[in-house]
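A short write-up of the structure that comes next.
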Amino acid sequence: MLLKEVLVTESKIKVYGYRWLVLAVFMLVAVLNQLLWITFAPITGAAASFYGTTDLVIGLLSMVFMVVYIIIALPSAWVIDTWGFRAAVSIGGVLTALGALGRGIFAENFTIVFISQVVIAFGQPFILGSITKLAARWFSLEERGTASGLGTLSMYLGILLGMILTPVLTISYTMKGMLLVYGIAAALVVALFIILAREHPPTIPCPEGHNDRALMFDGLKSMLRNRNFILLLIIFFIGLGMFNGVTSWIEVIVRPRGFSISQAGMAGGLMLVGGVVGALVIPLISDKIRRRKPFIIMALAGLLPGLAGITFAQSYWLLLLSGFIFGFFLLSSGPIGFQYGAEITHPAPEGTSNSLLLVMGQISGIVFIFLMDALKSPQGSMTISLLGLIGLMILCVILSFFLRESPVHDATRR
């Protein structure tokens, strides 16, 4: 009888081609949300002149996302784990579209633009925290790292597109025109997601039990008692905080060595290009050999030469190479880390583990950005803080050796 039940269950396991469409429309929403977050970063000076304010105030339009994420992370995780990723992304998407349209329609009014940024920021956790839940709903165990990698890749693509498109659109269509284009694009993409996305496939994509999850607060308590997850939280705190700090201050970091604003921008862009390549390649290999830990160690150790190059490079080609290496290894570790976190905390909800890891990066992002500015030398050098980051990353490499391999490695072998 037991054998018969197993055979019946296995006959119900199937993955559908439609899963790629669901993932694709999710990625479009994530791209637009990240693009809207970073909108003002590449045009800080122009935006400050347009609104008659300072660079720091324009910087707050991006910084507010980190603050809001910390506040809304757990409520959004509850929505993801209780109502599902489709409802959560729809909520986040509608907030994103409303905020984006508000920015475009009232582009000349800084107060409304700032409020609109806050509205978009409230939508972000509902979107970014949903990727592991989507992967669990639609993809087999062997594909979930790849699905998480592609979902995370869309975040990097959004930042990269924002850096490239915003200056071009601002020059071509003015500040108001650029913001209105983004608002219309956001509304169309969110509508597409709501129409096409489905919460569940007709049949399950993996054996019974692998998608069973505990209630959110029970899961939260078990996560915080899980030694491996605590180590992962520390690694994410340092890694994401470092990424936010380095990308925020890249121009200031390289300026004392004589690099121009455009050269600094190219270095920052290559970090993201490296991240896109890494997020495509590394999670795919991780899924193929069904292991997570070696890739986490490799990514943390591999980014160190890139970080050292960003700290000390005197030649432009070395700075660009260092930026690419730094982005390739650091950003490829993100999707593997998210999926690893979901796997080692099973049956805790995926949305809760994902949101906790992201909120650690938002907290450390604020801390690192202000600390790097505070530790700047009178000559404007950030070498001291960068050496501190190198030391913290060496600590992360050491901690990663104490992580236990994902239980999925054993489950798939059986």
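The values are calculated or read from the model by the stated rules, or taken from the named source; none is laboratory data. What you see is a predicted model; the values in this text were computed from it and never measured. A quick note on method: Cβ atoms are made from the backbone with ideal geometry, for glycine too, and the neighbour counts reach across all protein chains shown.
From the list 138, 37, pick out the single residue that is surrounded by 18 or more Cβ atoms within 10 Å (Cβ to Cβ), over 22 Å from residue 359 (Cβ atoms) and not small (Gly, Ala, Ser). Even if it seems obvious, please write down each step before you answer.
Numbers: 37 fails: over 22 Å from residue 359 (Cβ atoms).
Of the residues listed, the single one that is surrounded by 18 or more Cβ atoms within 10 Å (Cβ to Cβ), over 22 Å from residue 359 (Cβ atoms) and not small (Gly, Ala, Ser) is 138.
Given the structure, is residue 275 at pLDDT 85 or above, assigned by TED's automatic domain parsing to the domain that holds residue 400 and over 22 Å from the mean Cα position of the chain (by Cα)? Steps first, answer last, please.
Working: at pLDDT 85 or above: yes; assigned by TED's automatic domain parsing to the domain that holds residue 400: yes; over 22 Å from the mean Cα position of the chain (by Cα): no.
Spelling it out, it is not the case that residue 275 is at pLDDT 85 or above, assigned by TED's automatic domain parsing to the domain that holds residue 400 and over 22 Å from the mean Cα position of the chain (by Cα).
Output the residues belonging to the range 356-406 that are under 30 Å from residue 124 (Cα atoms) and touching an Asp or Glu at 6+ places or on another chain (Cβ under 9 Å).
Within the range 356-406, 385, 406 meet the criteria.
How about the range 112-136: which of its residues are in a helix (DSSP H, G or I) and of a type outside the set (A, V, I, L, M)?
Step one: list which residues in the range 112-136 are in a helix (DSSP H, G or I), which gives 112-128, 131-136.
Result: 114, 116, 117, 122, 123, 124, 125, 126, 132, 133.
How many residues are surrounded by fewer than 24 Cβ atoms within 10 Å (Cβ to Cβ), over 19 Å from the mean Cα position of the chain (by Cα) and farther than 16 Å from residue 235 by Cβ if we restrict to the range 279-298?
Number satisfying all stated conditions: 5.
Out of the range 137-169, which residues are hydroxyl-bearing (Ser, Thr, Tyr) and in a helix (DSSP H, G or I)?
Narrowing the range 137-169 to residues hydroxyl-bearing (Ser, Thr, Tyr): 140, 146, 148, 152, 154, 156, 166.
Hits for the range 137-169 are 146, 148, 152, 154, 156, 166.
Which one of these is modelled with pLDDT of 90 or more, among the β-branched types (Val, Ile, Thr), assigned to a helix (DSSP H, G or I) and closer than 30 Å to residue 263 by Cα: 79, 94, 64, 57? Spell out how you get there, then give the answer.
Details: 79 fails: closer than 30 Å to residue 263 by Cα; 94 fails: closer than 30 Å to residue 263 by Cα; 57 fails: modelled with pLDDT of 90 or more.
Exactly one of 79, 94, 64, 57 is modelled with pLDDT of 90 or more, among the β-branched types (Val, Ile, Thr), assigned to a helix (DSSP H, G or I) and closer than 30 Å to residue 263 by Cα, namely 64.
Condition check ((1) surrounded by fewer than 18 Cβ atoms within 10 Å (Cβ to Cβ); (2) modelled with pLDDT of 90 or more; (3) among the charged types (D, E, K, R)) across all residues:
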{"position": "316", "(1), (2), (3)": "yes, yes, no"}
{"position": "324", "(1), (2), (3)": "no, yes, no"}
{"position": "357", "(1), (2), (3)": "no, no, no"}
{"position": "360", "(1), (2), (3)": "no, no, no"}
{"position": "394", "(1), (2), (3)": "yes, yes, no"}
{"position": "413", "(1), (2), (3)": "yes, no, yes"}
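Within the range 114-135, track down each residue that is of a type in the set (Val, Ile, Thr) and either touching a Phe, Trp or Tyr at 6+ places or on another chain (Cβ under 6 Å) or surrounded by fewer than 22 Cβ atoms within 10 Å (Cβ to Cβ) (or both). I'd like the intermediate steps shown before the answer.
Here is the first cut: in the range 114-135, the ones of a type in the set (Val, Ile, Thr) are 115, 118-120, 127, 131-132.
Correct list: 115, 118, 119, 132.
One residue is enough: does the range 86-97 have a residue meeting the conditions touching a Lys or Arg at 6+ places or on another chain (Cβ under 9 Å) and touching a residue at least 12 places away in the same chain (Cβ under 8 Å)? Talk me through it step by step, then tell me what you get.
Looking only at the range 86-97, we keep the residues that are touching a Lys or Arg at 6+ places or on another chain (Cβ under 9 Å), and these are 86, 88.
This time we only want the ones that are touching a residue at least 12 places away in the same chain (Cβ under 8 Å), so: 86, 88.
Yes, some residue in the range 86-97 is touching a Lys or Arg at 6+ places or on another chain (Cβ under 9 Å) and touching a residue at least 12 places away in the same chain (Cβ under 8 Å).
Table: residues versus (1) surrounded by fewer than 21 Cβ atoms within 10 Å (Cβ to Cβ); (2) out of contact with any Cys (no Cβ under 9 Å at 6 or more places or on another chain).
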| position | (1), (2) |
| --- | --- |
| 246 | no, yes |
| 261 | yes, yes |
| 273 | yes, yes |
| 277 | yes, yes |
| 300 | no, no |
| 307 | no, yes |
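Specify the residue that is nearest to residue 160 (Cα to Cα); the eligible residues are those in the range 258-282 that are free of Cβ contacts under 8 Å to residues at least 12 places away in the same chain and in a helix (DSSP H, G or I).
Within the range 258-282, the subset free of Cβ contacts under 8 Å to residues at least 12 places away in the same chain is 258, 260-262.
Remaining after also requiring in a helix (DSSP H, G or I): 261-262.
On the way: 261: 17, 262: 15 Å.
This residue is 262.
Filter the range 97-111 down to the residues that are outside any helix (DSSP H, G or I) and of a type in the set (Phe, Trp, Tyr) and list them by number.
Restricting attention to the range 97-111, the residues satisfying the condition of being outside any helix (DSSP H, G or I) are 106-109.
Residue satisfying the conditions is 106 alone.
Quick check on my filter: what residues within the range 303-326 are hydroxyl-bearing (Ser, Thr, Tyr) and either in a helix (DSSP H, G or I) or in contact (Cβ under 8 Å) with a residue 12 or more places away in the chain (or both)?
311, 316, 322
Just one of (1) closer than 26 Å to residue 131 by Cβ; (2) buried (at least 22 other Cβ atoms within 10 Å of the Cβ); (3) modelled with pLDDT of 85 or more trips up residue 382, so point out which.
Result: residue 382 fails condition (1) only.
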